[in-house]
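Undergrad: There's a structure below that I have some questions on.
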Amino acid sequence: MDRKVLVALHKNEVAPRFDLATEALLVTVTEQGDILENKTLLLAHASGDDLCDLALNKDAGAVVCGAIEEEYYHYLRWKRVDVLDSVVGPVDAVLERLRRGELRAGDVLFPREA
């Protein structure tokens, strides 16, 4: 079954705070790891409430974000949306981990410097 995932964005990275994101990436990932849909959505202003509504209206099964207030976290979980929080890094690394089914809460995806 395909899975829709909403990623809270800031430029080309996961937004450091869920409620301050003004962009979101909506991706649809198949069980085989193919990305069917990859759409950037712009919000009129930063709002945790609006991001929650967007996730629910787009039937997202998961949300990827950096820090998230407990209120939003519990609301999304209550609505049966998985929350992968404390994720930091570039969106390309997030998409690759999603594609492989390996993205987890707390992942730090910035390349390590030698």
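The values are calculated or read from the model by the stated rules, or taken from the named source; none is laboratory data. Fair warning: this is a prediction, and the values are worked out from it, not measured in the lab. All Cβ positions, even for glycine, are placed from backbone atoms using ideal geometry, and neighbour counts span all protein chains on display. Just the protein is used for accessible areas: all its heavy atoms, side chains included, with ligands, DNA and RNA removed. Shrake-Rupley method; radii C 1.70, N 1.55, O 1.52, S 1.80 Å.
Residue-wise test of (1) in a helix (DSSP H, G or I); (2) open to solvent by 30 Å² or more (accessible area, probe 1.4 Å); (3) at pLDDT 95 or above; (4) not charged (D, E, K, R).
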residue	(1), (2), (3), (4)
Leu6	no, no, yes, yes
Leu26	no, no, yes, yes
Gln32	no, yes, no, yes
His45	no, yes, no, yes
Leu56	yes, yes, yes, yes
Ala60	no, no, yes, yes
Ser86	no, yes, yes, yes
Arg99	yes, yes, no, no
Phe110	no, yes, no, yes
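Undergrad: Now for a separate question. So Asp50 passes all but one of these: (1) closer than 15 Å to Glu23 by Cα; (2) in contact with a helix residue (DSSP H, G or I) (Cβ under 9 Å, 6 or more places away or on another chain). Which condition number does it fail?
TA: Among (1) closer than 15 Å to Glu23 by Cα; (2) in contact with a helix residue (DSSP H, G or I) (Cβ under 9 Å, 6 or more places away or on another chain), Asp50 violates only (2).
Undergrad: Of the conditions (1) surrounded by 12 or more Cβ atoms within 10 Å (Cβ to Cβ); (2) within 18 Å of Arg104 (Cα to Cα); (3) touching a residue at least 12 places away in the same chain (Cβ under 8 Å), His74 clears all except one; give me its number.
TA: Unmet condition: (3).
Undergrad: Looking at the structure I just gave you, is Val91 surrounded by fewer than 17 Cβ atoms within 10 Å (Cβ to Cβ) and among the aliphatic types (A, V, I, L, M)?
TA: Taking the combined requirement at face value, the residue does not satisfy it.
Undergrad: Those residues that are in a loop (DSSP other than H, G, I, E, B) and within 17 Å of Leu56 (Cα to Cα), I need them from region 8-24; list them, please.
TA: Scanning region 8-24 gives Ala21, Thr22.
Undergrad: OK, next. Within region 1-16, track down each residue that is closer than 23 Å to Arg80 by Cβ and free of Cβ contacts under 8 Å to residues at least 60 places away in the same chain.
TA: Hits for region 1-16 are Met1, Asp2, Arg3, Lys4, Leu6, Ala8, Ala15.
Undergrad: Kindly establish whether Lys11 is open to solvent by 60 Å² or more (accessible area, probe 1.4 Å), over 10 Å from the mean Cα position of the chain (by Cα) and more than 21 Å from Val108 (Cβ to Cβ).
TA: Judged against the criteria, Lys11 is not a match.
Undergrad: Within the set of pairs 6 or more residues apart or between chains, which connect a residue that is in contact (Cβ under 8 Å) with a residue 12 or more places away in the chain inside region 41-65 to a residue that is among the aromatic types (Phe, Trp, Tyr) and open to solvent by 20 Å² or more (accessible area, probe 1.4 Å) with Cβ atoms less than 7 Å apart?
TA: Close Cβ pairs satisfying both conditions: Gly48/Tyr72; Cys52/Tyr72; Cys52/Tyr75.
Undergrad: Here is a further query. Please enumerate the residues belonging to region 65-112 that are touching a helix residue (DSSP H, G or I) at 6+ places or on another chain (Cβ under 6 Å) and within 15 Å of Ile35 (Cβ to Cβ).
TA: Answer for region 65-112, where residues must be touching a helix residue (DSSP H, G or I) at 6+ places or on another chain (Cβ under 6 Å) and within 15 Å of Ile35 (Cβ to Cβ): just Leu103.
Undergrad: Oh, and also: On the basis of being buried (at least 18 other Cβ atoms within 10 Å of the Cβ) and either part of a loop (DSSP other than H, G, I, E, B) or free of Cβ contacts under 8 Å to residues at least 60 places away in the same chain (or both), does Leu36 make the cut?
TA: no
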